[in-house]
Structure formats: structure tokens, C-alpha cells
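The values are calculated or read from the model by the stated rules, or taken from the named source; none is laboratory data. Not measured: the values here are computed from a predicted model. Counting neighbours? That spans all protein chains shown, and the Cβs are built from the backbone with ideal geometry, glycine included.
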Amino acid sequence: MGGSNRSVIYGWRSLRRLWPWLLVAFSLCIVRWSKGAVFLDTYAFLTRPFWPGTAQRDWIKNGTQLEQESRLRLLEADNQRLRAMLSLKSSSKAGLISAAVISRSPNGWWQQIVLGKGSTAGIAQGDAVLGPGGLIGIIQSVTPITARVRLLTAPGSRIGVWNPRTKRHGILLGIGTNRPVIRFLDKDSKDSKSLSGDLLSTSPASTILPPNLPVGLIQTLDEQAIPAPEGIVQLIAAPEAIDWVQIQKF
Amino acid sequence: MVRFQRRQAFIFCAFLVPFMTLAAPSWLTLSGIGPSWVVLWLLPWSLEYGPFSGALAGLYLGLVLDGISLDGATHIPVLIALGFWWGCIGRRGPLIDRSLILGLLALIGSVLVGLSLWVQIVFFQESALLNAFYMWGLRNMLAQAIITGLAAPVVCSWLLLLARRRRSSL
């Protein structure tokens, strides 16, 4: 009797000695079951001050940007070479001249703006004037220190544009309102109809304007118009709010 | 001498017409359209100096405005006609310088200037025939006429006062 009591007491004492080890084993089981989450989180928390900072992230971003710019330059060079092979005129960013808008009347009888640079800065009649986003007009006349721009919205303004998606040519006509009119030169085929939202740009084969300049988006289109579809165009660059423009030599 | 100086001041104000037209201050616009500054100057000048001076001034200002505007329409015929007409009215009596009448004459003048430009653009520009008589022209004409009519009692009265001081000082 007394012996059995002694053995129970002994077992209880040995269990009290073992319980820390059982706890460790249980904890390790949890670690195993959670795929080491606690360890990883703790490691992350402890090493946070030593993580790669914003500088390294910027380096990577700069590297990516540099790579993209290099690719763009290579593609542009390739494009210029191919255009030269096809005897098409080309434009380059090197010919851009920045000028301030010193007078504007985009809503009156004359949709024109006057720029603070003229022939002494190299601007000539017929140069393309770009706002943020696309073409806004053509240089109509120059003085030594100013240049007058006929906006695309001005009555009598007409330039050739094309729809890069359907490869259809048209004429963009200024009618005095904020939105000029596109008149396509021929009917769209069944396979490739111009749609609202299509981008219009200057023709890639243009001999008057720099090629492939974005101009605007087709807002509405009347496909029943005779002899060819007509539409209203929303210009990408709004001349009402532009203080600086760029003139592209061509 | 004083008369000469007053006339010079009046003529100097004429030089402001193209500058104000170019500046087009945005705080003085109605629906984005400013007043017809040439009307605001030509009206008191013609009323004060008669039909021939008015017509001549209309010609000169028309030439200047055509120079600073795009091609396609001219201001000259309507400004000559307005200068002559206002000059004839000015010869009839002194009651013409009442503010309300000045505003009315300026409003009619601005409508005639707008109508002249509208007709020229519609009939002489091919693309204009696209959009049934250019409703934007009507909007331009009305907005400019209203803002010109509102500005005339202030501007024209001040210019007439400038000229009248000359007369009283003689």
C-alpha cells in the first residue's frame, strides 16, 4: 500500500520536471504546423531597420526607367530609319521650342493665341503647335518676337488627320466651337468602322504636319452622312487653359 | 494747347484698343467673350468729332484689328459705317450722351460688328457651310453685344467727359 503511494508521488514529481520540455515540444509542433510563421514574422520585425531603403527602390525604378528610355530611343531610331527608307518625312523631339502664351481668344470671333517667341527663336509659318497631350494649332504668322497661332477650332482651319485603328483619312475642320468636325474622305468598310472614342492623329505620311501627332478623340459619329461619315472631335489639348506650348519644327 | 492735349489723350486711348483686344481680360467677359473695345472707343469719338472723323477712325481701327486677327473676315466696312452713322447722330443734339442711350448705341454697334463678321465667315469660308449657319456666331454676337452695352455707359461716358472738358476749357 505504502509502496504504491510512493510510486504515484514519484510519477507526479517526474511529470513536473518534464512539463517544460513538453511545452517546448508543443510549441515546436505549432511552429511546424504554421510553417514557421512566428519565426518569419519575428525575423521580419527584428530586421526591419536593416531592410533595403527607398534609395535601393529608387535605383531599381531608375534602372527600369532608363531601360525603357533606351528601348524608346532605339525604337524611335528604328522608326526614323524605316521612314527614311520609305522616303517619308519625319519629326524629332530635337526641334521642339517652348513658348509662353501671351494672348488668347479661344472663344471669340477669332480662335487664336499669340506666343511670346517669333522668328528670332526659329519659329516659322506652318510649324505645328503642341499643347499638353497633342496638336492645338498651326503657326499662321510670325514677327521677330511673337507668333500667331490659328487654333484647330478656328473657322477655316483644316488639317488632314487619320484614324490609326481603321487607317482612314479625313479632314478636321474648325467651325468656331470647342469641338471641330471630322469629315472622312471615304466610307468605312464593314470590317473596320470608325467608332466613338477612336483616336485621331496627323497622318504618318503627312508632308505638311509632323506625322503621328495625337489630335483628338471622336466624340460622336454620323455614319449616315453623305458622302462620307462625319463626326465631332474632342481635342486632347484644350487651348483655354494652356500657358505654355511647344512648337515642333518640321 | 489744352485742346491739343485732350485730343492727344483721346487718340492715345485709341492705341489701347488693339492692346485691350489682345489682352482680353478674363474678368470682363461674358461666356468667355469680352467687350468690343473698338466700339467702346469709336462711339464717343464719332459722337464728338462728326461723321467724317468717325468714318476715318473706323477705317484706321479696322486696319489695325484686321492686322491682329486671323484672315477670313474684315472689320473695315462695318466700322466705317458705324463711325459715319454715330457721327451723324452726334451732330443732331447733345442729349445723345445719356448713359442709357450710349449703352444702346454701343449694343447696336456691337451687334452690327458681329453680324458683319458672321456673314463674312458664313458666306466666304467653305467649311462654314457645314454647320447650319454657325450658331456659335449668334452666341458670340449676343454675348459681345451685352457685355459691350453694359460697359459703354462707363467707358464711353468717361471718354466723352474727356472731350467735353476740352470744350469747356476753350
* For residue A:125, indicate whether it is part of a loop (DSSP other than H, G, I, E, B), polar (S, T, N, Q) and over 18 Å from residue A:237 (Cα atoms). => yes
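Residue by residue, here is whether (1) farther than 25 Å from residue B:22 by Cβ; (2) in contact with a helix residue (DSSP H, G or I) (Cβ under 6 Å, 6 or more places away or on another chain); (3) assigned to a helix (DSSP H, G or I) holds:
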| residue | (1), (2), (3) |
| --- | --- |
| B:57 | no, yes, yes |
| B:67 | no, no, yes |
| B:71 | no, no, no |
| B:84 | yes, yes, yes |
| B:87 | yes, yes, yes |
| B:90 | yes, yes, yes |
| B:101 | yes, no, yes |
| B:120 | no, no, yes |
* Is it fair to say residue A:154 is touching a strand residue (DSSP E or B) at 6+ places or on another chain (Cβ under 7 Å) and under 20 Å from residue A:217 (Cβ atoms)? -> yes
* Asked: Does at least one position in the range A:221-229 carry a residue that is within 26 Å of residue A:99 (Cβ to Cβ) and of a type outside the set (Val, Ile, Thr)?
  -> no
* Being at pLDDT 75 or above, among the aliphatic types (A, V, I, L, M) and farther than 26 Å from residue A:246 by Cα narrows it down to one of A:172, A:221, A:213, so name that one. => A:221
* Asked: Would you say residue A:187 is at pLDDT below 80, out of contact with any helix residue (DSSP H, G or I) (no Cβ under 7 Å at 6 or more places or on another chain) and either of a type in the set (D, E, K, R) or on the phi > 0 side of the Ramachandran plot (or both)?
  -> yes
* To do: Please enumerate the residues belonging to the range A:128-139 that are closer than 13 Å to residue A:242 by Cβ and not in a loop (DSSP other than H, G, I, E, B).
  => A:129, A:130, A:131, A:134, A:135, A:136, A:137
* Quick one: would you say residue A:162 is outside any strand (DSSP E or B), assigned by TED's automatic domain parsing to the domain that holds residue A:242 and buried (at least 21 other Cβ atoms within 10 Å of the Cβ)? -> no
* Residue selected from the range B:1-48 under the condition under 15 Å from the mean Cα position of the chain (by Cα) and of a type outside the set (A, V, I, L, M, F, W, C), by the criterion farthest from residue A:104 (Cα to Cα) -> B:48
* Among the residues of the range A:143-189, which ones are away from chain B (no Cβ under 12 Å) and of a type in the set (Lys, Arg)? -> A:165, A:167, A:168, A:187
* Asked: Does any residue in the range B:1-17 that is under 10 Å from residue B:45 (Cα atoms) come within less than 9 Å, Cβ to Cβ, of a residue that is of a type in the set (Asp, Glu) and modelled with pLDDT of 80 or more six or more places away or on a different chain, and which pairs are these?
  -> B:10/B:48
